[in-house]
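Chemist: Okay, here's the structure, questions in a sec.
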Ligand code: ADP
C-alpha cells in the first residue's frame, strides 16, 4: 500500500522532470544567448572605439601638413623638376614619420603632382583622382574622407584629403593621405568573434573572414552598383551578394549566413554605425558553442533529476522493504504469542485433567482401602462378637444349672475375646498415630533385644530360630525406642509367618553401620515377596494372609514410622530364597540416650 503510493509519486515526478526538460532547455538557451549578446556588444564597442581612435589619429594631419609653404610653391610651378623632387622627398619622409600608407599632392584637375610613393612602379604621380569623392570634397574647400580599394595599388585604405589654400584663401590644390586597414583587420583574427565592417551601400570591406570581403549584405541594386562604379570605390573588384537570413530569438538578433567555405551558420548579430566614417560595424558570435553550453545545462539538470529520482527510488524501496520486514516480524510475533497462549491453555487443561485424575485415583484408592478395611474389621469383630454371644448364652445356661465353674470359664473366654477386639482397636489407633512426636536418640541393641522378648512367643510357636549378628559398638540412631521396637516386632512376626511350616525356619537378624546410617536387616527362609506385590505390601490393609490372620496394617505402620525417623524400610528377595527387610536409620551425632 505504502510502497505503491511512493512508486506512483516517483513516476509522477519522473514524468514531470521529462516535461520540465524543454523548459530548462528554453531558459538555458535564452540565458546563454543573452550572455552571448552581451559579450558580442562589449566586443563591438571595443572594436568601434579602436577603429575610431585609429581614424582620428590621422584626421587632422592633412590640414596641418597643407600649411607647408613649399606645397604652394610646387603648385605654382608644377614644371619645376627640382621642386617636385624635393616635394617627393618631403612627402616620403613625412609619410614614414606619421606611419601612413601614402601621402600625395594633387592639383585642381585631380592629377597627382608629387607622392610619397614616387619611386615605386605603381606610383600615384600622374594619376588622376578627380572621380574620388574625397578629392572633390577637398577641392570644394571641405575635408575629404573616403574608404576605397586603391585603383592603382589594389590595397584597401581610408583616404583623408584637405584643401591647400594660398594667402588669398583660394584653393590651389589638395593634399591627400591614405592609411591602410590590414593591420587592424589582422588584429581581429585572433578572436573567436566574426567582425564585419560595411560601407553605406552594405558592402563588406573589412572582415575577419576573407570570404566575406566585397560582398553585399544588402541587395546590390542597380542604383547601388551605379553609385559604386562612379566613385570606383572597389576599383574592378567583383561584387556579389551574401545570402543572409536575419531572425530573432528571446530578444536576441540572429543572422544566418554562409561562412567562407559556403556552410550556413547561425550567429548572434550586433551592429552599430560609425557616422563619421559612414560605416556600420557588426560583431557576430557563432551560436554553436552557445547551444552546446545550453545543452550542457540541460544535461546537468537531467542528470541531477535522474540521480535525485534514483535516490528517491532507492529510499522508497528501502522503506518499503523495512515496512515489509516489520510487518512480517509483527505477524510472526503475534503468531508466536497466539501459539504460546494456545499451548498454555492446553497445558492448563492437561494439568487440570491430571489433577482431576489424581484426585479420582486417590478417591478410588481410599474407597478400595475402606472396602478392604470394612471387610477385615467386620470379620475380625463379628467373629469374636458371635463367639462372645455363644459363650454368654452358654454361661447363662450353666448358671441356671448351677455349674458356676464352667460358667466362669465361659466368662473368661468372653473376656479373652473382648481383649482381642481391644487389641484390634489398639492397632487401628496406631494407624491414626501422631506422626510428629519428637525424635530421640536410641540404642539399636536394646531395641532389638526388647523386640525379641515381645516376639518370642510367636517365634517359638512358629518354630523359628533367630540368629543375632549385631556389630560391636553400634552407634546410636535417631528415632523413638518404643516405635522402633514395634517395627522390629512387626518384621520379625512376618518372618515367623513366612517360615512357619517350612523345613528351614532360620531367621537372621544383623545390624551394621556406615558413615551416616545403621542398617538392621532381617532375613528369613520363607517364600520371599512375589515381584507383582512388592510395591503394594507397604499399603495399608494389603495382605495375602487368610481372612482373620492379618489386617494388612503391620508393614504400612512400620513404613510410616521409619519415614518419621527420616529413615527407610525396604524389601528385597535374597538370591538363595527368602525375603530381606532392611530398616535404614540415621546415625545420631550428639545427645544422650533417651527412653520414650
Ligand atoms: P499382614 O501380616 O497382616 O498380612 P503386613 O502389612 O504385615 O500385614 O504384611 C503384608 C503382606 O506382606 C503380607 O500379607 C505378606 O504377603 C507380605 N509379607 C510380609 N512379610 C513377609 C515375609 N517375611 N515373607 C513373605 N511375605 C511377606
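Chemist: Look through 104, 158, 146, 131 and report the one residue that is part of a loop (DSSP other than H, G, I, E, B), under 30 Å from residue 227 (Cβ atoms) and in contact (Cβ under 8 Å) with a residue 60 or more places away in the chain.
Modeler: 131
Chemist: Taking segment 438-473, which residues are without any contact (Cβ under 8 Å) to a residue 12 or more places away in the chain and assigned to a helix (DSSP H, G or I)?
Modeler: Result: 449, 453, 456, 457, 460.
Chemist: For segment 14-100, please list each of the helices (runs of 4 or more DSSP H) lying entirely inside it that holds at least 2 residues being loosely packed, with under 15 Cβ neighbours inside 10 Å.
Modeler: So the answer is 69-76, 81-98.
Chemist: Can I ask one more? Restricting attention to segment 551-572, which residues are in contact with a helix residue (DSSP H, G or I) (Cβ under 8 Å, 6 or more places away or on another chain) and near the ligand (Cβ under 9 Å from one of its atoms)?
Modeler: Passing the criteria: 551, 552, 553, 554, 555, 556, 557, 558.
Chemist: Which condition number in (1) at pLDDT 80 or above; (2) closer than 30 Å to residue 488 by Cβ; (3) in contact with a helix residue (DSSP H, G or I) (Cβ under 9 Å, 6 or more places away or on another chain); (4) exposed (fewer than 15 other Cβ atoms within 10 Å of the Cβ) is the one that residue 406 fails?
Modeler: Going through (1) at pLDDT 80 or above; (2) closer than 30 Å to residue 488 by Cβ; (3) in contact with a helix residue (DSSP H, G or I) (Cβ under 9 Å, 6 or more places away or on another chain); (4) exposed (fewer than 15 other Cβ atoms within 10 Å of the Cβ) one by one, residue 406 breaks only (2).
Chemist: Assess whether residue 482 counts as being outside any loop (DSSP other than H, G, I, E, B), away from the ligand (no atom under 15 Å from the Cβ) and crowded, with 22+ Cβ neighbours inside 10 Å.
Modeler: Values: outside any loop (DSSP other than H, G, I, E, B): yes; away from the ligand (no atom under 15 Å from the Cβ): yes; crowded, with 22+ Cβ neighbours inside 10 Å: no.
In short, no.
Chemist: Output the qualifying pairs, or none if there are none: Cβ atoms under 6 angstrom, residues six or more apart or on different chains, first residue in segment 527-550 and within 24 Å of residue 574 (Cα to Cα) and at pLDDT 90 or above, second residue assigned to a loop (DSSP other than H, G, I, E, B) and within 8 Å of the ligand (Cβ to nearest atom).
Modeler: Short answer, once both residue conditions are applied: 528/578.
Chemist: How many residues does segment 115-128 contain that are buried (at least 22 other Cβ atoms within 10 Å of the Cβ) and outside any loop (DSSP other than H, G, I, E, B)?
Modeler: The number of residues fulfilling the criteria is 1.
Chemist: Here is a further query. Pick from segment 209-232 the residues that are assigned to a loop (DSSP other than H, G, I, E, B) and modelled with pLDDT of 85 or more: which of them is nearest to the chain's Cα centre (by Cα)? Outline the logic, then answer.
Modeler: Step one: filter segment 209-232 for residues assigned to a loop (DSSP other than H, G, I, E, B), giving 209, 213-214, 217-221, 232.
Still in the running and modelled with pLDDT of 85 or more: 209, 213-214, 217-221.
Numbers: 209: 62, 213: 69, 214: 72, 217: 67, 218: 69, 219: 72, 220: 75, 221: 77 Å.
If we take residues in segment 209-232 being assigned to a loop (DSSP other than H, G, I, E, B) and modelled with pLDDT of 85 or more, then 209 is nearest to the chain's Cα centre (by Cα).
Chemist: Sticking with this one: Which one is farthest from the chain's Cα centre (by Cα), of the residues in segment 532-550 that are over 21 Å from residue 384 (Cα atoms) and more than 7 Å from the ligand (Cβ to nearest atom)? If you could, list the steps in order and put the result at the bottom.
Modeler: Keep residues of segment 532-550 that are over 21 Å from residue 384 (Cα atoms), which gives 532-540, 542, 544.
Narrowing further to those that are more than 7 Å from the ligand (Cβ to nearest atom): 532, 534-536, 538-540.
Details: 532: 71, 534: 71, 535: 68, 536: 71, 538: 72, 539: 72, 540: 74 Å.
Among them, the one singled out is 540.
Chemist: Further, regarding this structure: Restricting to segment 495-504, what's the tally of residues that are part of a loop (DSSP other than H, G, I, E, B) and within 12 Å of the ligand (Cβ to nearest atom)?
Modeler: So the count comes out to 2.
Chemist: Please determine, by comparing only the residues of segment 466-479 that are modelled with pLDDT of 90 or more and exposed (fewer than 13 other Cβ atoms within 10 Å of the Cβ), which one is farthest from residue 526 (Cα to Cα).
Modeler: 469
Chemist: Ok, one more. Just name the residue that is farthest from the ligand (Cβ to nearest atom) out of those in segment 512-521 that are under 25 Å from residue 459 (Cβ atoms) and in contact (Cβ under 8 Å) with a residue 60 or more places away in the chain.
Modeler: By that ranking, first place goes to 518.
Chemist: State all residues of segment 282-300 that are touching a helix residue (DSSP H, G or I) at 6+ places or on another chain (Cβ under 8 Å) and over 19 Å from residue 256 (Cβ atoms); if no residue qualifies, say none. Break it down into steps so the answer makes sense when it comes.
Modeler: Taking segment 282-300 first, the residues touching a helix residue (DSSP H, G or I) at 6+ places or on another chain (Cβ under 8 Å) are 282-285, 287, 290-291, 293-295, 297-298.
Correct list: 293, 295, 297, 298.
The values are calculated or read from the model by the stated rules, or taken from the named source; none is laboratory data. A quick note: this is a predicted structure, and the numbers were derived from the prediction, not measured. Here Cβ is always computed from backbone atoms with ideal geometry, including for glycine, and neighbour counts include all displayed protein chains.
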